[in-house]
1. Using a probe radius of 1.4 Å on heavy atoms only, what accessible surface per residue do you get for segment 16-277? Whole Å² is fine.
2. Report the semi-axes of the equivalent ellipsoid for segment 300-465 in whole Å, largest first, where each axis is √(5λ) for an eigenvalue λ of the Cα gyration tensor.
3. Using the alpha-carbon atoms, what tilt in degrees (0 to 90, nearest 10) does helix 414-447 show relative to the longest principal axis of the chain?
4. Just check segment 447-500 against the gyration tensor rule for me: Cα atoms, a ≥ b ≥ c as the square roots of the eigenvalues, rounded for a/c under 1.5, and otherwise prolate or oblate depending on whether a/b exceeds b/c.
5. Glu449 versus Ile253, label points 7 Å from Cα toward the beta carbon: distance in nm?
6. With N denoting the number of residues in segment 29-129, provide Rg(C-alpha) divided by 2.2 N^0.38 Å, to two decimal places.
7. Under Stokes-Einstein, with the Kirkwood radius over Cα pairs standing in for Rh, what whole-number D in µm²/s applies to segment 16-277 at 20 °C and 1.002 mPa s?
8. Starting from the Kirkwood Rh over alpha-carbon pairs, what translational D in µm² s⁻¹ does the chain have by Stokes-Einstein at 4 °C and 1.567 mPa s?
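The values are calculated or read from the model by the stated rules, or taken from the named source; none is laboratory data. If you're wondering where the values come from, they're calculated on a predicted model, not measured in any experiment. Every residue, glycine among them, receives a Cβ derived from its backbone with ideal geometry; neighbour counts consider all protein chains shown. When the accessible area is computed, the model is the full protein with side chains, heavy atoms only, and any ligands, DNA or RNA have been set aside. Shrake-Rupley method; radii C 1.70, N 1.55, O 1.52, S 1.80 Å.
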Amino acid sequence: MVIRGELLTPDSDLIDRTVYNGMFTMHGTVMLFLWTFPSLVGLANYLVPLMIGARDMAFPRLNAAAFWMVPVVGILLISSFFIPGGPAQAGWWAYPPVSIQNPTGNLINGQVLWLLAVAISGVSSIMGAVNFVTTIVKMRAPGMGFFRMPIFVWAVFSAQIIQLFGLPALTAGAVMLLMDLTVGTSFFNPAQGGNPVLFQHYFWFYSHPAVYVIILPIFGIFSEIFPVYSRKPLFGYKVVALSSMAIALVSGIVWVHHMYVSGTPGWMRILFMLTTMFVSVPTGIKVFAWVATIWGGKIRLNTAMTFALGGLVMFVFAGITGIMLSSVPVDVHVNNTYFVVGHFHYVLYGTVTMGMYAAIYHWFPKMTGRMYMESWGKLHFWLAFIGTNLNFLPMHPLGLQGMLRRVSSYPPFPEYIFWNTIASLGAFLLGVSTLPFIVNMVASWMHGEKAPDNPWRAIGLEWLVSSPPDVENFEEIPTIISEPYGYGKSEPLIAPTNPQ
Ligand code: HEM
Ligand SMILES: [Cu+2]
């Protein structure tokens, strides 16, 4: 909101330019590394063992170690606000040579703390990925073949495989940059023969796939929620499951679409344009599968379903702007403008955050043993939906009109002022929208109506255990005897346990 407050007027008048740089760098970093990743990993940590019929993750101690690294990352990032020179200012990309300038000359500076935080976060996530992949491969209950796993589990599986292969690149790049900054190596320092573009490769080789690490579990959440509230099986289950894996594979060969204007040769731009456009095939398959699932169903529009539908609509929009950006002739014009910022906020707020809210509402009764209040949930949805569109839609015309990203001031053209004012109002509305959410969560958790084991009449192992589940999840490990999403059929999901 401070960033949008600054952009309310053309002049740089609310905060200092260097403070502004620190703010957007921290905003991007904290939102990715301390909001989307930890919250999704937390949800997956809770749901995956329940959904596959396991008592816990494969390596609980590794899990705890990875978890406790997250607050360390947070403390490092926050403490950088209190040291001379303030936090890192090079944006969440940390491209050299900007990131290796060190204007204060101190050994401990914002950029060093930032790089340490990113490296620790990388190690923590690699540990988490080992744990998830092992758990899903090794700890499924009897009868839970790969093609009986809920799509959320497939999504986490493919996302964590990306983590395993991609994260070492970013972590290594961060450590190399840290060495350039502290002990005088010159991997990326052009003044001493280093290659700054090499860092861009390290960065995007991971950070493009990273967007799929974030979005795949959200696709998983959509795939869980739409069948429940439409009372229909998920359309094309196997294809949806495999398209998660396809997205994970293809996402590894598209990273140069972030570097079209980094001196990349023409043939390479065309190659990466084609691979990028190809990602939309498995993604489009999923969108069609969800629409076909909802189509003709008995739809129940509670808060969770409303958030999922809102998220789906905004994802379609973001996907379209993504395809536009993947086209080299378009991107050379709008690269580094607000068009890009608009694109990724539709994904990261419009889809990821809305999907996360859908998940929180959907599994709230399971996690807390209490029901949430529908009316407050609906209020939250409408404020968030309107706020998101007011905040991020204007960024598209702004970008097309040439407004650059990462600036604290802009020329006082009437069209710039008009769209920026709307965007800032949207941001304040989004801020307000979180209030009914917080009220609802706190009040419902403390005083909400008691939740039954399966309030939504959903099919899935997590709905067969008590709300909240026991520490060990299952008293007896269930045996799975039918396909997931058997809505409208009356097959039992698990074999009857023999009472002894
Ligand atoms: C249909 C799928 C998608 C396509 C084709 C696509 C394409 C692109 C392209 C070509 C860019 C580079 C624009 C530029 O810098 O000039 C971009 C930027 C970006 N996209 Fe996407 N995208 C897609 C989905 C997503 C998803 C699902 C997410 C996040 C969950 C995402 C997050 C981002 C982010 C964060 C950036 C900006 C990075 C930065 O410059 O700071 N995109 N996208
Ligand atoms: Cu990308």
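1. On a per-residue basis, segment 16-277 sits at 38 Å².
2. So the equivalent ellipsoid measures 37, 18, 10 Å along its semi-axes.
3. Between helix and principal axis, roughly 40 degrees.
4. The shape class here is oblate.
5. Going by the 7 Å Cα→Cβ label model, 5.3 nm.
6. 1.28
7. The calculation lands on 109 µm²/s.
8. Diffusion coefficient, whole number: 54 µm²/s.
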